[in-house]
6 protein chains.
Amino acid sequence: MSSQQLGIVKRTIVRADKSAVEKLSRFGVATVHEAMGRLGLMKPYMRPIYAGAHVCGPAVTVLMHPGDNWMMHVVAEQIQRGDVVVAGVTAESTDGFFGDLLATSFVARGAKGLVIDAGVRDVKDLTAMQFPVFSKAISAKGTIKATLGSVNVPVVCAGALVNPGDVVVADDDGVVVVPAGIAVQVAEAAAAREANEADKRKKLEAGVLGLDMYKMREGLERAGLKYID
Amino acid sequence: MSSQQLGIVKRTIVRADKSAVEKLSRFGVATVHEAMGRLGLMKPYMRPIYAGAHVCGPAVTVLMHPGDNWMMHVVAEQIQRGDVVVAGVTAESTDGFFGDLLATSFVARGAKGLVIDAGVRDVKDLTAMQFPVFSKAISAKGTIKATLGSVNVPVVCAGALVNPGDVVVADDDGVVVVPAGIAVQVAEAAAAREANEADKRKKLEAGVLGLDMYKMREGLERAGLKYID
Amino acid sequence: MSSQQLGIVKRTIVRADKSAVEKLSRFGVATVHEAMGRLGLMKPYMRPIYAGAHVCGPAVTVLMHPGDNWMMHVVAEQIQRGDVVVAGVTAESTDGFFGDLLATSFVARGAKGLVIDAGVRDVKDLTAMQFPVFSKAISAKGTIKATLGSVNVPVVCAGALVNPGDVVVADDDGVVVVPAGIAVQVAEAAAAREANEADKRKKLEAGVLGLDMYKMREGLERAGLKYID
Amino acid sequence: MSSQQLGIVKRTIVRADKSAVEKLSRFGVATVHEAMGRLGLMKPYMRPIYAGAHVCGPAVTVLMHPGDNWMMHVVAEQIQRGDVVVAGVTAESTDGFFGDLLATSFVARGAKGLVIDAGVRDVKDLTAMQFPVFSKAISAKGTIKATLGSVNVPVVCAGALVNPGDVVVADDDGVVVVPAGIAVQVAEAAAAREANEADKRKKLEAGVLGLDMYKMREGLERAGLKYID
Amino acid sequence: MSSQQLGIVKRTIVRADKSAVEKLSRFGVATVHEAMGRLGLMKPYMRPIYAGAHVCGPAVTVLMHPGDNWMMHVVAEQIQRGDVVVAGVTAESTDGFFGDLLATSFVARGAKGLVIDAGVRDVKDLTAMQFPVFSKAISAKGTIKATLGSVNVPVVCAGALVNPGDVVVADDDGVVVVPAGIAVQVAEAAAAREANEADKRKKLEAGVLGLDMYKMREGLERAGLKYID
Amino acid sequence: MSSQQLGIVKRTIVRADKSAVEKLSRFGVATVHEAMGRLGLMKPYMRPIYAGAHVCGPAVTVLMHPGDNWMMHVVAEQIQRGDVVVAGVTAESTDGFFGDLLATSFVARGAKGLVIDAGVRDVKDLTAMQFPVFSKAISAKGTIKATLGSVNVPVVCAGALVNPGDVVVADDDGVVVVPAGIAVQVAEAAAAREANEADKRKKLEAGVLGLDMYKMREGLERAGLKYID
């Protein structure tokens, strides 16, 4: 299935390696994004509905039409413990596709969070439940249940391609998608990067300049940088 | 008075039924919006200046020109205890029409909150006062006092029509306007809806799917939904 | 140097008068902006990365290209205790030019905060450090180090001109720039304004209307305001 | 009927005075807007789909839900020769609610144009038909026919309140709404304004300055304007 | 290759069936989008740089970083006669990635057009060349050549997934992507749809209402529509 | 005068060298922007009100408050034959600060065009006059004449700093500002660049790839680019 299709629910998906997901959950979005070679990031308009929200898990995906959340109920059945639901919409919509009732259902089914390229509502309740949601908008606007979308097809969400089973990592810095096939290697690269950063942080704290630590002075001079008084 | 007019202050307005306002104050914006048949919602760019802000009350309205807050002082006199001031602007403006001094005056006059399709400032002070403000922007930009607007005429605020006396309900999900003439029936519909939701919430918590609870499976199948592995 | 230039680092700049900076740090952005005659304000899209962030200090400026934060390391060396780094970009960019490592370096060099017309990342860490950052966006997107910009040249940041040494004041209401040459007089005007406000606040608290306190009734009548019932 | 309602088609509406409509059709949007006292203007995001589009006529109104154009077919039946259809949506939508087939139907029923706070498509065909459309977006996205809206109720369109029968004037400068009840007087004021402008234009062409023609020099001096060299 | 990768140029791609491309080129974007089941549409911010621009062809894709157009030269070599270049960017950018020199090269290589989720420049020259470009922005901002992207990997462009070889159709209504694997069947569906429309158009021209032609009256009544006077 | 000030009209300004202006007028915005080292560009939201608009001349500047165009009449008097008026606003505004009467006056005074970080109106008339205007918005909204701004002070317009006398070049690609002090050298650099481009264009037309013409292959390989089939 190489493209978006409507009216389909894929029940069997291959989730990313469990231990890779667990490892990736220890890192922030910026670190994972760097470990991937600076790919997979959703647009910065995706924001957590409360400060400190954080989630990491394999994606079950859902594709919907603007103003129609029918498939949210269909995707609920496909959730396995630890999954993150990723919702794309076929055109721009800020309506409230998701609220406290669906959140209750998702939690009961084991979902760890929601990433949606549209609006959500009942954010006070969702915050009280500490159910992490990353969305494009907050809106009380109700949606209808009239048109079929799909579940567990590839979706584009906030500018990023998400295949079912891919790992989604989201925190205050945004949302990044790690393809299932490279999750292990990205987790390792993230760990390496973070180890590397601890040492750098200590030097910078001591007042060492990045100019010296990264040996940038020569490159800058070659590029023509001039110091004047 | 069927349309917007300038230079007029209407002193006598018919506020929505008091007990209806009191009842509506117990519900969130999403519930009230649904109870109204999904109407009356302002655009989602209207946000509270602090998390958890909530207000419900009859509207006194004010219409101003961009960058000119003269009428804010005129509307202050028309506030009665429990009112919410709703401010529309004749063209787009993000300037700071309202700050801590006006808030002090509004509170002294009995206002319960402000909904404004423009910017406000002194948000730290307003937050400390716990005076709920819902606005399009936060901006320190000062305004002038040069041109007449009106008070207690119908205004369009963030895409919603607000007549003086209508009930305005605002919380983290946005702002909804309930026409005074249907406030009682909307309050009842909201109560019915909420009663109804408690039961649904319990079922969903127990793991029952919306697919089954709302009996959606047949409709989805009729629409052509296909499950594949 | 009357215009933007690339490839230059100015090491000697004249910072605004120290006691003026100290005085200005006691006032909010709205007060300072009014004291300046309503000038110097950055666009309202500049927001603090955490509620309550506040900073005041002389600007060291840096001009960068979109997606390229090389000069951030160059500006770090020019920071003196108490400075605020102000970063402009030659075209629109939401990428994450600044994160916890650079923040660690800036703090070690004595920087009090950052104002940047682009994105930043690691906002959870920056918040934990209580390092005040005011930015256009939050984004994990990494940047490169390929092209020269300049340090301590005049920059346009979010619509405001900032010369190195100017005082930058930023809080929940936004960011305002006070030219170094008028910092003393603006600080005095701000103090006068604030003194003046305390008295007004008391009157308004007591229920006096702005209409009477500011003697607006006559002007409104002359402008044609009509009261109807 | 003082507020928005769903599921209603009002067949009998009072259209603005015919000769007033005819008179208003001779003036541009800016002139009419000024003649109304600077009210009634829609947001500037409303743009004609082709340069030079111009329309003036009484409004038949339609209220729809995002992504659902069912009521477009309902409003078609209510069109009388010379009417302009004005379409509001209960939440933000950029989908294509209108294309060449509906345009063919509207033209057959006598419509002179469409003003819609959403998207339209087939703009090449609409341009070839020279059917003036003013919209928020151009989008090929198809819409569904699932939910009731209303016809000939008051609607908010792009920030302006439109009652059925009001006169809508639209050209390259945007869209303005003239309440039916004041159409005659606004048409007269517009004519007076335009007559007045011809004389001014001649003077300005001859090099007379607005400063002198409008006698602004004294006011500017009193306000403190200083000329320096 | 199931996801975006950097530093790769795929030389061999399977382009959509030639005759399907030829057939699709006869239809507008709205028709093709409908024929696909309302999928594959790019966001409506993608606009032609001149009115009447139209293009249809198999996609060669290029993925770039913000502000860096190095890969544009790499993709030029992969163009075959009739191709449309589709360019995605790893983060938001409005810079001018493409101008008259690259257009000259693309034309020489046989390209029929460009679809780019960023900015372009020299639009006067591109218009004179009648080289159809669909972009997010127009900007003179120059780009650098510093970082690798990829050619002929799947890219997300303006919210749509584009695989190399897919058919891209673009006109005044926007841009739609037809997966290569279903191009034949979509072309047929488009033809059927258009044939069908000619008949409808005639009826509507004759004054038949959509209400009757589509037999909507019963459904509307069942949904509760009420006619009042 | 190193910063923005209100209430001042500077009558004597030093305009950029005449022959440099004349030379610059032969080049497009992209060429001039490149010749400046990729600086001085206004934001891409600045658009011409008609396709093909082009202007080049020394700037007379005006600073205004949102919704207040009083100073437009003041700046009219300071225009000399060949000048381009550049208008900045102290906060965001889309109102119509300029229309056909002011255009008539500006033309009579010798102005060649207007660049304004706000809205304009009467665009049909301005187009008929072929008076080139580059603006942020088109809006019929009228402005008032209540508050002083300044004339011929440095202004920030759409993100660019403009000093009076600087050369402003604007065309379909946007607007660029050349500081008066470097106008001669930028004109020369632009000429050199354009001469250089003619040769490149010929080669590209003949099918030579940029990869070869710019000798990029080695650099790409060093950066790790891999070709696969």
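The values are calculated or read from the model by the stated rules, or taken from the named source; none is laboratory data. Since this is a predicted model, take the numbers as computed values, not measurements. Counting neighbours? That spans all protein chains shown, and the Cβs are built from the backbone with ideal geometry, glycine included. Note: accessible area is taken over every heavy atom of the protein model, side chains too, but ligands, DNA and RNA are not part of it. Shrake-Rupley method; radii C 1.70, N 1.55, O 1.52, S 1.80 Å.
Below is a table of values for the structure above.
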item: Of residues in region F:43-58 being assigned to a loop (DSSP other than H, G, I, E, B) and open to solvent by less than 10 Å² (accessible area, probe 1.4 Å), the one nearest to F:V156 (Cα to Cα); result: F:M46
item: Yes/no for C:A51 being farther than 22 Å from C:Q80 by Cβ and touching a residue at least 24 places away in the same chain (Cβ under 8 Å); result: yes
item: Residues that are at positive phi and hydrophobic (A, V, I, L, M, F, W, C), drawn from region C:52-100; result: none
item: Of residues in region E:67-104 being hydrophobic (A, V, I, L, M, F, W, C) and in contact with a Ser or Thr (Cβ under 6 Å, 6 or more places away or on another chain), the one farthest from A:A158 (Cα to Cα); result: E:A76
item: Residues of region F:92-130 satisfying the condition of being of a type in the set (S, T, N, Q), free of Cβ contacts under 8 Å to residues at least 40 places away in the same chain and at the interface with chain D (Cβ under 10 Å from one of its Cβ atoms); result: F:T104, F:S105
item: Number of the exception - D:G37 against (1) more than 27 Å from B:L63 (Cβ to Cβ); (2) out of contact with any strand residue (DSSP E or B) (no Cβ under 9 Å at 6 or more places or on another chain); result: (1)
item: Single match in B:E221, B:E194 (criterion: without any contact (Cβ under 8 Å) to a residue 40 or more places away in the chain, more than 23 Å from B:V86 (Cα to Cα) and open to solvent by 10 Å² or more (accessible area, probe 1.4 Å)); result: B:E221
item: Qualifying residue in region E:184-200 (condition: within 14 Å of chain A (Cβ to nearest Cβ), of a type outside the set (S, T, N, Q) and out of contact with any helix residue (DSSP H, G or I) (no Cβ under 8 Å at 6 or more places or on another chain)); result: no
item: Any hit, region E:79-94, residues being buried (at least 19 other Cβ atoms within 10 Å of the Cβ), farther than 16 Å from E:K145 by Cα, in contact with a His (Cβ under 9 Å, 6 or more places away or on another chain) and of a type in the set (D, E, K, R); result: no
item: Which numbered condition F:H33 misses (of (1) in a loop (DSSP other than H, G, I, E, B); (2) under 12 Å from the mean Cα position of the chain (by Cα)); result: (1)
item: Which numbered condition C:L209 misses (of (1) more than 30 Å from F:N163 (Cβ to Cβ); (2) open to solvent by 50 Å² or more (accessible area, probe 1.4 Å); (3) not basic (K, R)); result: (2)
item: Subset of region E:204-229 [β-branched (V, I, T) and at the interface with chain D (Cβ under 7 Å from one of its Cβ atoms)]; result: E:I228
item: Residues (part of a loop (DSSP other than H, G, I, E, B) and among the small types (G, A, S)) located in region D:73-112; result: D:G82, D:A91, D:S93, D:G99, D:G110, D:A111
item: Number of positions in region C:23-39 that are open to solvent by less than 20 Å² (accessible area, probe 1.4 Å) and within 25 Å of B:K136 (Cβ to Cβ); result: 6
item: Helices (runs of 4 or more DSSP H) contained entirely in region A:154-229, each with at least 3 residues that are over 23 Å from C:Q78 (Cα atoms) and not small (G, A, S); result: A:183-205
item: Any hit, region F:128-140, residues being part of a loop (DSSP other than H, G, I, E, B) and either more than 24 Å from the chain's Cα centre (by Cα) or over 23 Å from D:G52 (Cβ atoms) (or both); result: no
item: Yes/no for C:R121 being modelled with pLDDT under 95 and either open to solvent by 10 Å² or more (accessible area, probe 1.4 Å) or farther than 27 Å from B:S135 by Cβ (or both); result: no
item: Hey, F:K136 touching a Gly at 6+ places or on another chain (Cβ under 9 Å), under 25 Å from D:V208 (Cβ atoms) and open to solvent by 10 Å² or more (accessible area, probe 1.4 Å) or not; result: no
item: Pair list, Cβ under 7 Å, 6 or more apart: region E:156-178 residue without any contact (Cβ under 8 Å) to a residue 60 or more places away in the chain, other residue β-branched (V, I, T) and not in a loop (DSSP other than H, G, I, E, B); result: E:L161/A:V156
item: Condition check for C:T61: touching a helix residue (DSSP H, G or I) at 6+ places or on another chain (Cβ under 9 Å) and either assigned to a loop (DSSP other than H, G, I, E, B) or surrounded by 21 or more Cβ atoms within 10 Å (Cβ to Cβ) (or both); result: yes
item: Answer residue from region A:168-183, given it is under 13 Å from A:R15 (Cβ atoms) and open to solvent by 10 Å² or more (accessible area, probe 1.4 Å) and is nearest to the other protein chains (Cβ to nearest Cβ) among those; result: A:P179
item: C:V74, sole failed condition from (1) under 27 Å from A:Y45 (Cβ atoms); (2) within 7 Å of another protein chain (Cβ to nearest Cβ); (3) touching a residue at least 60 places away in the same chain (Cβ under 8 Å); result: (1)
item: Residue within region D:153-167 that is open to solvent by less than 10 Å² (accessible area, probe 1.4 Å), within 11 Å of another protein chain (Cβ to nearest Cβ) and at positive phi present; result: yes
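One line per residue, one yes/no per condition, for (1) modelled with pLDDT of 95 or more; (2) in contact with a Phe, Trp or Tyr (Cβ under 6 Å, 6 or more places away or on another chain); (3) at the interface with chain E (Cβ under 10 Å from one of its Cβ atoms):
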position	(1), (2), (3)
A:S2	no, no, yes
A:K10	yes, no, no
A:R15	yes, no, no
A:T31	yes, no, no
A:G40	yes, no, yes
